[in-house]
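All of the numbers you see were taken from the coordinates with simple rules; none came from a lab. Keep in mind that this is a model prediction, so the values were computed, not measured.
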Amino acid sequence: MISDYGQLAAALIPIEKLEELRRLRDEADIAEADRRNAAPTGEPMTVTIAALPAAPVITSPADGSTVNDSTPTFTGTGGAGDTVTVTDENDNVICSATVDGSGNWTCTAATPIADGEHTFTPTATNAFGSTVGEPVTVTIDTVEPPTAPVITSPADGSTIRCGERPSASSDSARTGRRCTIVFTGTGGPGDTVTITDENDTVVCTAIVDDSGNWTCTATVTRGVHTFTPTATNSEGTTTGDPVTVTVTAPVRPHYPRPHHPYKPYKPNKPHRPHKPHGMTGHSTPQILGRAL
């Protein structure tokens, strides 16, 4: 007869069951230990992680580029929802925009920007602060190439006589064997117009006024000349159509002979008869001679 309980249990329970019981007992002990060591559970809390905006980027206009628009449009990238502000080298605000959900933004200059080189800097702002992006240097150049100048007077193919007025807005004057001619024409306001002759000699220059008109005076020799106008500004030069002009001497005026008043007819003196040879009409003639 077996008196020990453990020995009796070992004799009655299969070894596999004993191993299972030991495993369950160990797991229960571990769970109880974890329960005892666990911290008390409190109320849940929400944590907000502050994040500064991503650095914005100006993608257009490109750094070092030149644009001919005084109110250029800026485009770029940034953090969705951030506000991007573009400023110039003097910290003047040029424009601002909100970055869309795709991370893109665009804005156009609110006021015209003066011609010249400028530095534009993007700055992104959100609820937690701001971040400055890389600046770009852009040249604003709104000056267009000069328009072709036109000589309106003297007209092509015309003849100018020194001292005569060829038109209502142009005249010439005689200076020895040279003539002074006044050229008039049209062009782009602010452009400089230069008139050259057939030998590429500059004869006169002028600046086009705000109304698009110009005038200059040249002294040229008599003969047939070809005059060509050329306009110049900061963007280059443009040559207009030439005109051919013949410069001649003035026409000499014709003065008619003065008209004499009518004189009445006067008859000739009476005809004296012809005297024969050796006769004289004097009663006391003087006789001359010499002695032999």
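How much length is gained if the chain between T159 and A62 is pulled fully straight, taking 0.36 nm per residue apart and subtracting their Cα-Cα distance, in nm to one decimal?
Values: separation 97, 0.36 × 97 = 34.92 nm, distance 5.61 nm.
Value of the extension gain: 29.3 nm.
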**Request:** Based solely on C-alpha atoms, express the radius of gyration and the Dmax of region 49-118 in angstrom.
**Result:** 12.9, 45
**Prompt:** Residues with amide H under 5 Å of G81's amide H, sequence separation 5 or more or different chain, H placed in the peptide plane at 1.01 Å from N; which?
**Reply:** V99, D100
**Request:** Read phi for every residue in region 197-212 and hand back ³J(HN,Hα) as whole Hz from Karplus 6.51 cos²θ - 1.76 cosθ + 1.60, θ = phi - 60°, with x for Gly and Pro.
**Result:** 9, 5, 9, 6, 8, 6, 9, 5, 9, 7, 10, 5, 7, 5, 8, x
**Complete:** Diffing region 65-71: the Karplus 3J(HN,Hα) column from phi (6.51, -1.76, 1.60, θ = phi - 60°), in whole Hz with x for Gly and Pro, holds 8, 10, 10, 9, 10, 6, 10
